[in-house]
Amino acid sequence: MSAAPHTAGQLIRFSALAVPLAAAGLPLGVYLPAIYARDYGLSLTVIGVIFLIGRLWDALADPVMGSLSDATRSRFGRRKPWIAAGGVVFAISAAFLFFPPFGVTPLSLGIVLFFLYLGWTAVQIPFQAWSGEVSGDYHERTRIATYHQVVAACALLLTLVLPTIADQLRPGDGRLQLSLMGGLVLLTIGPALLLSLTALDEPPLPARPPSKPDLRLVVRAITGEPLLLRVLASDFAVTLAQNIRAALIVFFVTFYMGRPEWAGGLFLFQFVFGIFAGPIWLRIGRRYGKHRTAVAGELLQVAINFALLLVTPETFPLLLALTLAQGLAQGSGNLMLRAIVADVADKHRLDSGEDRTGLYYSVFSLAGKTATAVAVGIALPLVSWLGFDPKSANGPDALGGLLLVFAAGPAIAHTLSAALIARFPLDEATHAEIRRRLDSAPPDYAFAE
């Protein structure tokens, strides 16, 4: 596994798969439920149940796919066959989701989501594992994750712009919004698969046959690695903070600030500056190491979110400044933690002889998805308990409660994330020793037909 840096062109090509995945993820979480209810006549309750079941299926499939891709042995590698097959399933399902040919029923939506999440998992989990394997170098792994994050941020920005364009052409036309966003997914999935699958080589297959997937061994490989558990818990807290803010930002801007025309624009404003965040944090990570950089990024987020308590409806420029800072700090923790997962997988391979990279990235993904669901389950009931109601007039106490949860909730979660990853023992020097011992061991990586 070469530690030589990859070219920028190689990493941009390799990260191409982030475009269709990000372009599909935003509509699924934000736009599709409302459009299916308003334009296709499904009830919100039915849509909520179907999407909940779909998310649970998605979460359960992650560790299964991680273990399967770890155990796969083919002349094309461990990860590429799953990505290619999953990409086809994902593309066909996305076509039915964004361009329903025969209308929409609860059964048809459930079936489409089942296959969409199946294809998505078959692409995402092996791809994340592969991204952690293409280099054994401590800092190069961060660089690979940075390119992936920047490409995904650009795709999210473009996806956010499309509904705005649709509203300018035909205001309130959900089907047009759906078509534009779905068109982006379908136009990019084929080229993205081609670019990513041909950008880099997979490392050679392990010569030693992998252990047969066993639930007890899988659970033991996860729970028996305390460093992995710390990374998972820290990323859970980061994602929890981000999604509490995302769940409340429209309410905050519309009701507390009294600027409903900025409800979507502020989110877009943050993402514009978020594109520049990855390269900034990459440079910091090279100088101070991953876990120290993650702590610094999280503490910066703590300061920004607590500063939001100073925002009033009359200080909109302060909110813009803090949103800009939020964009520049965006994803700093996620970026470093994602790169650390591959280092932890190296340590586990040295200790146990088992390569669990795919499994470890699958539970990392699962932690983020769980945090996304928990954030909504915490933030919305909490602001409601404090008296806020978007369907009626809200007094100063209710609006103050909304501000408190919007600002202090993420600040507390970012503080927890920093505490969990502080003094992380797997630094650059320790990882270099692990790689030296792995590389000097009797060869367990040799291509096998």
For this session: Could you tell me whether any residue of the stretch 123-132 is of a type in the set (S, T, N, Q) and touching a Pro at 6+ places or on another chain (Cβ under 9 Å)?
Result: no
Exercise. Which one of these is among the small types (Gly, Ala, Ser), part of a helix (DSSP H, G or I) and surrounded by fewer than 17 Cβ atoms within 10 Å (Cβ to Cβ): 333, 377?
Worked result: 377
Exercise. Here is a list of conditions, (1) at pLDDT below 90; (2) touching a helix residue (DSSP H, G or I) at 6+ places or on another chain (Cβ under 6 Å), and residue 290 meets all of them except one; can you say which number that is?
Worked result: (1)
For this session: Report, by residue number, each residue of the stretch 414-439 that is open to solvent by less than 10 Å² (accessible area, probe 1.4 Å) and assigned to a helix (DSSP H, G or I).
Result: 414, 417, 418, 421, 431
Exercise. Which of the residues belonging to the stretch 14-35 are of a type in the set (Phe, Trp, Tyr) and either surrounded by fewer than 24 Cβ atoms within 10 Å (Cβ to Cβ) or under 15 Å from residue 376 (Cβ atoms) (or both)?
Worked result: 31
For this session: Scan the stretch 38-90 residue by residue and report those that are over 21 Å from residue 100 (Cα atoms) and out of contact with any helix residue (DSSP H, G or I) (no Cβ under 7 Å at 6 or more places or on another chain).
Result: 56, 60, 64, 68, 71, 73, 75, 76, 77, 81
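For the condition in contact (Cβ under 8 Å) with a residue 60 or more places away in the chain, of a type in the set (Asp, Glu), in contact with a Gly (Cβ under 6 Å, 6 or more places away or on another chain) and open to solvent by less than 20 Å² (accessible area, probe 1.4 Å), what is the one hit in 39, 70, 58, 62?
Going through 39, 70, 58, 62 in turn, the sole match is 70.
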Exercise. What number goes with the only condition from (1) in a helix (DSSP H, G or I); (2) surrounded by 21 or more Cβ atoms within 10 Å (Cβ to Cβ) that residue 168 does not pass?
Worked result: (2)
Exercise. When the residues of the stretch 213-238 are filtered to those that are of a type in the set (Val, Ile, Thr), touching a residue at least 40 places away in the same chain (Cβ under 8 Å) and surrounded by fewer than 24 Cβ atoms within 10 Å (Cβ to Cβ), which remaining residue is nearest to residue 332 (Cα to Cα)?
Worked result: 222
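For the stretch 257-296, enumerate the residues that are assigned to a helix (DSSP H, G or I), among the small types (Gly, Ala, Ser) and surrounded by fewer than 15 Cβ atoms within 10 Å (Cβ to Cβ).
The one that is assigned to a helix (DSSP H, G or I), among the small types (Gly, Ala, Ser) and surrounded by fewer than 15 Cβ atoms within 10 Å (Cβ to Cβ): 265.
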Problem set entry | Given (1) in contact with a Lys or Arg (Cβ under 7 Å, 6 or more places away or on another chain); (2) assigned to a loop (DSSP other than H, G, I, E, B); (3) at pLDDT below 85, index of the condition residue 442 fails | (1)
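The values are calculated or read from the model by the stated rules, or taken from the named source; none is laboratory data. What you see is a predicted model, and the numbers here were worked out from it, not measured in a lab. Ideal geometry is used to build each Cβ from the backbone, glycine not excepted, and the neighbour counts take in all protein chains shown. Protein only, heavy atoms only, side chains kept; ligands, DNA and RNA dropped before computing areas. Shrake-Rupley method; radii C 1.70, N 1.55, O 1.52, S 1.80 Å.
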